[in-house]
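The values are calculated or read from the model by the stated rules, or taken from the named source; none is laboratory data. The shown structure was predicted, so the numbers you read here are calculated from the model rather than taken from an experiment. When we count neighbours, we look across all protein chains shown, and the Cβ atoms used for this are built from the backbone with ideal geometry, even at glycine. In case anyone asks, the SASA skips ligands and DNA or RNA and just uses the protein heavy atoms, side chains included. Shrake-Rupley method; radii C 1.70, N 1.55, O 1.52, S 1.80 Å.
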There are 2 protein chains.
Amino acid sequence: MSTKEFQKLPAPKAAPDGSIIVPDAPSAPNPAEAESPDVWGFRDTRFDINERERVIIRGNRYEHSGKEMPRLLPWIRETLNIKLDARDIFRPSYPTTIPEACVSSQFMSAIKEFLSPGQLESNGEIRMRHGHGHTQEEMYAIKYGQLGRIPDLVVFPESEQQVASLVEAAKKNDVSLIPYGGGTNVTDALRCQSDEKRMIVSVDMSRMNRILWVDKKNQIACIQAGAVGRHIMSGLRKYGVTMGHEPDSVEFSTLGGWIATNASGMKKNRYGNIEDLVLDVTVATSAGTLERTASSPRESVGLDLRRLMFGSEGTLGIVTSAVVKIFQLPEIQEYGSVVFPTFEDGFAFLYDLCREATPPASVRLVDNLQFQFGLALKPASAGLGKLKSRIERVFVTKIKGFDPYKMVACTLVFEGSRQEVALQQADLYRIAARHRGMKAGAENGRRGYQLTYSIAYIRDFLMNYYIIAESFETSVSWTDALKLCENVKRRLYQEYAKRGLPGSPFVTSRVTQLYRTGVCIYFYFGFYFKGVANPQDVYLDLENIARDEILNSGGSLSHHHGVGKLRRAFLPRIMSPAAITLKREVKKSLDPSDIFGAGNQDLDIR
Amino acid sequence: MSTKEFQKLPAPKAAPDGSIIVPDAPSAPNPAEAESPDVWGFRDTRFDINERERVIIRGNRYEHSGKEMPRLLPWIRETLNIKLDARDIFRPSYPTTIPEACVSSQFMSAIKEFLSPGQLESNGEIRMRHGHGHTQEEMYAIKYGQLGRIPDLVVFPESEQQVASLVEAAKKNDVSLIPYGGGTNVTDALRCQSDEKRMIVSVDMSRMNRILWVDKKNQIACIQAGAVGRHIMSGLRKYGVTMGHEPDSVEFSTLGGWIATNASGMKKNRYGNIEDLVLDVTVATSAGTLERTASSPRESVGLDLRRLMFGSEGTLGIVTSAVVKIFQLPEIQEYGSVVFPTFEDGFAFLYDLCREATPPASVRLVDNLQFQFGLALKPASAGLGKLKSRIERVFVTKIKGFDPYKMVACTLVFEGSRQEVALQQADLYRIAARHRGMKAGAENGRRGYQLTYSIAYIRDFLMNYYIIAESFETSVSWTDALKLCENVKRRLYQEYAKRGLPGSPFVTSRVTQLYRTGVCIYFYFGFYFKGVANPQDVYLDLENIARDEILNSGGSLSHHHGVGKLRRAFLPRIMSPAAITLKREVKKSLDPSDIFGAGNQDLDIR
């Protein structure tokens, strides 16, 4: 009996009672949702300075769109201790030189057998867009420098079979493939290695974006890897369910990208991280398709290579689809916020919250600088004075004894049944009060989360004014977390001063994820670079110093951004020599000719 | 900075405030806890038939020890439809022939460099005990047949360094190593391959049994792989914490074994399965020690070979220690039980429980036959009549309209704060009532869980009376679960009848784990074999047929028992050819000379 051939069980069929749904293919991309090639996000949205010298978000996509933020420039000048001139623009030269394509004609002939002309793209700007993610050095390079190497071709497969055939053709013709999801990577994972001699083909998964089936009874759905987060959300919402996975990039990142990066969503307390959500993956590898007869709620079937796909960063194969858990939409969603006199108070609150109660879907604690930043982003309102007096007016008068230059805020998203949420709120506010926390209202919480999406545009805006900034993250035990934050900040200030760089840097941290055993810490680091040669390299140097300090302080190499090429040099610091050796051996065994040659994690084995 | 050498962060030191504890080494093994070599469990406990022809559990270890179970033999006779004669004993010849040891003198010289004489054991019975787990065919073989091959030597390493040196010596001298934890495996994973020509060395981890440190603040502990479940429980309980992992074998199985088997504990609803509980593992591999600088709450650091150790079944290396999550001991623990008119009612209740509420730490639903079995195991009490009338007296008179030959029972363990437990109970009993469930009391629930440990002894007892029986399990979606149970039972009855075997078989199922996406189903299957040639092979044949039916019905190859050698022939049924190929390639890359040559999962690559 055991010798029957492998045969995937048939996909679920639509059930008349609606318990199994086979959705239609999504409609063609909406032109209103076009994305910028040169900066983060949708084309219809960007930060700008208006004629009154006030920062404004153009367009009308977000809640904050179209509103003036009169305090932002003054606050930046004050915080960075610089004389930022709104008319002095560091003008980008996007697109900078686009490298010539290096094309294997045999490969081209081979793929034309199964791909139509509309599935091949050799346009230079599109190739360039597929050759980077969103690290500061990549964004700097495409506007002010140059990318050494970019994909020579972009292909848009439309089926699992086409992906498999692409892998086959790449294998036969010595071509390197780099899978491309939403292009939001922040560890140089999409960047091509400048010494790659082979033709590089970017495999853009955007046309494999279907929700194949939704099984409401068993609370699972099968989704193609190229489906974008926001479409997964809206697509599932129609049927009253959600995957619950919302990384900050959810507007653009894809299911395949989440798996390849081992992503974490802001509501993980309720729904889990990506590794908790995915039950099964189908992967095109150099040896064929890695797949299983059926997905299982949980199993013990030995060596399971699918597990290696989490965090594989395009180095082992191309994820084509996944079976994921889904959840009924919560009965209610409510925001909340609490302010604390100090970061230490807020942190102690988080610890007790994890120990004594069920934390809500999302909990974030920002430090004082980020708290100030949030206030500086507030839209215009009547009678604004100086920042300091504004903070004082808003808070000090209201919250007795809170120092506006020390206080911090915690934002909250509650999801669940009315009863669950009520219990979570009661527990949470009781514990917060014990740590001198004061409720600051649902509106402040809601605003904090809404800002997540629009604020992502600010980095590219600031670069036009000689400010370079980026985020990086780690995970760390409760015991080491506060010290780690202090160490990283102190070290960056020290190193910044040592280099005689302009003004003061901006270094801020927030706690973005809670675990019983520790937290995720998310840093923003930025500085003014007018007059600084190769600011992107200076930034990178300082970021590496911060990472060194993080590792010394007991932090991990990454909580959810991944390793890519940005952090690969640190791997020997965190893994034993045997772990490094065997990692490379496993890569060799899974992809002996390094077809998946992105070179992330030092897995360029050629 | 990144080029610093790998260096494990120092282990936590005991903190004066008790937040970090470094426990003393456990005391020497207690002779009162000696285990039987030939049957399951402690030497002081066994099932027996007394002079009044009543089954009794000898010893006084368990709650049910020393008590007569007057209904058991009659119930077995009735259910199996046989004339079991209590005086007709199928007498075991344990130990059956013990194969000669095949010894590599070079290897012996090499290991004597770092192991003392007390760490080497060549006694035949001890070697034999290390050459099997607890499948029916292994237990039958050691008593009535013969094991083809057993370890040629048993070694007892006492440190990570000694394990590493053993691996080195094995590599140099072409010796095969098989790690040994508690010896409770049920998939022939410990059985030696009869065609193994090399010296086979069983690496008994029992002396690496320390809880190295307990970090209460971050809720983690570092424990050596050879620590036995019951000692982990008692060792942690001293400090007010628990790991919460309680597989049915928890009295004997070890942390290393749990990882290697990808184990599941009965309280997983509260604490998670082993893969949820382990944050870090240290593993001796053929390339050296796989380890990390520090453990992290959660991370994204790319290809992480440690994940492959879950379910590795001794084929990739030897787990020497792990960092695991720990939990405060729950404020309260309460048992409960509910009876339902039919299995279908109980199953519908489980589904709603998962959808609408937080299920308690453990929930089990037994079918009617297992419910009857539970009653048949009840100790003597006054005025017993026939089984049928007993069931009727106990239940029908109390629970109107319940058919004693259809009704089923659900047993429950609640753990948590008073408030959590109260909420869980309120929700659960409300949902149960909707499905015609009637509360059957905490005592019946408690008894059900207590029986788990003593009932494990019954299999070896019954073998003495020509009854062969064993369990197997699967995981399956909610949709397919009921049908799967029916299919397996029908198929086994059919095949049993077809073969003209004696009486009727015993086939029963229970739901032992709940997931939002499905359940774990646990089967018991047994039959009377007097007059049947090679009953162990007949059993195996029928078990394979059951597995075929499970796979056809959408079930998995295993929920938590694993693959071992027992189920390896089915792997090509559930994994694509590429998955099988790459699995072997990965094994080759991690262990090119097949030092870890147990041959599980068809990973014998030589």
Starting from the Cα of residue A:406, step 7 Å along the direction of its Cβ; do the same at residue A:15; then give the gap between the two resulting points in nm. 5.9
Along the range B:313-328, what does the Karplus equation 6.51 cos²θ - 1.76 cosθ + 1.60 (θ = phi - 60°) give for ³J(HN,Hα), rounded to whole Hz, x for Gly and Pro? 6, x, 8, 10, x, 10, 5, 9, 7, 8, 9, 10, 6, 10, 9, 4
In whole Hz, the Karplus estimates of ³J(HN,Hα) for the range B:446-455 (6.51, -1.76, 1.60; θ = phi - 60°; x where Gly or Pro) are 4, 4, x, 6, 4, 4, 3, 6, 6, 5
Peptides ranked, highest mean first, by Cβ atoms within 10 Å: ranges B:546-553, A:262-269, A:315-322: A:315-322, A:262-269, B:546-553
Value of D in µm² per second that Stokes-Einstein yields for the range A:218-268, Kirkwood Rh from Cα pairs, at 25 °C (0.890 mPa s): 223
How big is the charge dipole of the range A:435-504 about its Cα centre, in debye rounded to the nearest 20, if each Lys and Arg gets +1 on its Cβ and each Asp and Glu gets -1 on its Cβ? 280
For chain B, what does the helix formula give at 222 nm: sum of -39500 (n - 2.57) over DSSP H segments with n ≥ 4, over the residue count, nearest 500 deg cm²/dmol? -9500 deg cm²/dmol
With +1 on the Cβ of every Lys and Arg and -1 on the Cβ of every Asp and Glu, and nothing else charged, how large is the dipole of chain B about its Cα centre, in debye rounded to the nearest 20? 1420
From the square roots a ≥ b ≥ c of the eigenvalues of the alpha-carbon gyration tensor of the range A:507-580, which class results: rounded (a/c under 1.5), prolate (a/b over b/c), or oblate? oblate
Accessible area of the range B:288-353 belonging to carbon and sulfur atoms, whole % at 1.4 Å probe: 50
Taking each residue of B:556-564 in turn, how many C-beta atoms of other protein chains fall within 10 Å of its C-beta, and what is the average? 5
Which percentage, to the nearest 5, of the DSSP beta bridges contained in the range A:165-288 is antiparallel? 55
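Between their Cα atoms, which of A:587/B:565; A:489/A:565; B:498/B:565; B:216/B:587; A:172/A:267 are more than 32 Å away from each other?
Over 32 Å Cα-Cα: B:216/B:587; A:172/A:267.
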Applying the Karplus parametrisation 6.51 cos²θ - 1.76 cosθ + 1.60 with θ = phi - 60° to the phi angles of the range A:513-524, what ³J(HN,Hα) value in whole Hz is obtained for each residue in order, glycine and proline being reported as x? 9, 10, 10, 4, 9, x, 9, 9, 10, 10, 9, 10
Once residue B:149 and residue B:433 are pulled to full extension, the length gained, defined as 0.36 nm per residue separation minus their Cα-Cα distance, is 96.7 nm
Where N is the number of residues in the range A:398-454, Cα Rg divided by 2.2 N^0.38 Å: 1.28
Cross-link reach list, aspartates and glutamates versus residue B:325, counting only Cα pairs under 15 Å and skipping chain neighbours closer than eight places: B:215, B:246, B:275, B:276, B:280
Longest to shortest principal axis, alpha-carbon extents of the range A:466-544, angstrom: 46, 19, 17
What Rg and what Dmax come out for the range B:549-602 when only alpha-carbon atoms are used, in angstroms? 12.4, 38
Please report, to two decimal places, log10 I(q)/I(0) for the range A:1-146 at q = 0.09, 0.12 Å⁻¹ as given by the Debye formula with identical point scatterers on the Cα atoms and no solvent. -0.59, -0.85
Sorted on mean Cβ neighbours within 10 Å (highest first), peptides A:573-580, B:470-477 come out as B:470-477, A:573-580
Rg/Rg_globular for the range B:132-217, with Rg_globular taken as 2.2 N^0.38 Å and Rg from C-alpha atoms: 1.28
When you look at the Cβ of every residue in A:5-12, what mean number of other chain Cβ atoms sits within 10 Å? 3
Check residue B:178: other-chain or 5+ apart residues with amide H under 5 Å from its amide H, H built from backbone geometry? B:201, B:202, B:203
Considering every residue in A:213-219, what mean count of other chain Cβ atoms within 10 Å of its Cβ is obtained? 4
Under-5 Å amide H pairs with residue B:280, H placed in peptide plane, nonlocal only: B:323
Could you give the distance between the Cα centres of the range A:91-143 and the range A:418-488, to the whole Å? 37
log10 I(q)/I(0), Debye, Cα-only the range B:90-168, no solvent, q = 0.12, 0.26 Å⁻¹? -0.42, -1.18
Solvent-accessible surface ranking, highest first, for B:238, B:67, A:216, B:587 at 1.4 angstrom: B:238, B:67, A:216, B:587
Spread of Cα-to-Cα distances over 10 Å intervals beginning at zero, given as percent, for the range B:464-606: 11, 35, 30, 19, 5, 0
How big is the Cα convex hull of the range A:417-517 in projection, averaged over all directions, in nm²? 9.4
Relative contact order (%) - the range A:87-211, alpha-carbon pairs under 8 angstrom, separation at least six: 34
Give me D for the range B:270-310 in µm² s⁻¹, whole number, from Stokes-Einstein with Rh from the Kirkwood sum over alpha-carbon pairs, 25 °C and 0.890 mPa s. 213
Determine the distance separating the Cα centre of the range A:1-32 from the Cα centre of the range B:500-543; give it in Å without decimals. 34
Taking a label point 7 Å out from Cα toward Cβ, give me the nm distances from residue B:606 to the same spot in the other copies, shortest first, one decimal. 3.7
Kirkwood Rh, angstrom, the range B:29-89 [1 / mean 1/r, Cα pairs]: 13.0
If I model a spin label at residue B:425 and residue B:88 as a point 7 Å from the Cα along the Cα→Cβ vector, what separation in nanometres do I get? 5.0
For the protein assembly as shown, the percent of all C-alpha pairs falling in each 10 Å bin, from 0 up to the bin holding the max distance, is 2, 9, 17, 22, 20, 15, 8, 4, 2, 0, 0
Under 15 Å from residue B:530, Cα to Cα: aspartates and glutamates that are on another chain or at least 8 residues apart: B:85, B:88
Computed on Cα atoms, Rg of chain A relative to 2.2 N^0.38 Å comes out at 0.97
Give me the accessible area per residue for the protein assembly as shown, probe 1.4 Å, as a whole number in Å². 36
Averaging sequence separations of C-alpha pairs under 8 Å and six or more residues apart, then dividing by the length of the range B:1-126, give the relative contact order as a whole percent. 12
Any idea of residue B:352's accessible area? Nearest 10 Å², probe 1.4 Å. 30
Can you tell me, using C-alpha contacts under 8 Å and at least 6 residues apart, the relative contact order of chain B as a whole percent? 16
What length, rounded to one decimal in nm, is gained on full extension from residue B:121 through to residue B:380, with 0.36 nm per residue of separation minus their alpha-carbon distance? 88.8 nm
